[in-house]
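Report on the following structure.
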Amino acid sequence: MKQQWYFNMRTGKVELGKLSPVTERMGPYASKEDAEHAWQIVQTRNKRWEDDDRKWNSR
């Protein structure tokens, strides 16, 4: 199985494989580049979910 990339929230660095405790990492990500942009991915997803919630609640 191909190893996946993770973003360590404590150190701000990407890691190949589960090197950090689960409480300190985000992922898995398919590529190193995706892991490097973990915070941007999270912000984009959160905004989309918040927009969806607003649409749902305005029905």
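The values are calculated or read from the model by the stated rules, or taken from the named source; none is laboratory data. None of these values were measured; they are calculated from a predicted model. Each accessible area value is taken on the protein alone, full model and side chains, heavy atoms only, with ligands, DNA and RNA left out. Shrake-Rupley method; radii C 1.70, N 1.55, O 1.52, S 1.80 Å.
Quick look at the values:
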item	result
Residue-level accessible surface for Thr11, protein heavy atoms, 1.4 Å, Å²	60 Å²
Average accessible surface area per residue within the chain, 1.4 Å rolling probe, Å²	83 Å²
Estimated [θ] at 222 nm from DSSP helical runs (n ≥ 4, -39500 (n - 2.57)) normalised by residues in the chain, nearest 500	-13500 deg cm²/dmol
Accessible surface of the chain, 1.4 Å probe, proportion on carbon and sulfur as whole %	51 percent
Convex hull per residue volume in Å³, alpha carbons only, for the chain	98 Å³
Gain upon complete extension [Asn57, Lys18; 0.36 nm per residue less C-alpha separation]	10.2 nm
Nearest-10 value in Å² for the accessible area of Trp49, using the 1.4 Å probe	140 Å²
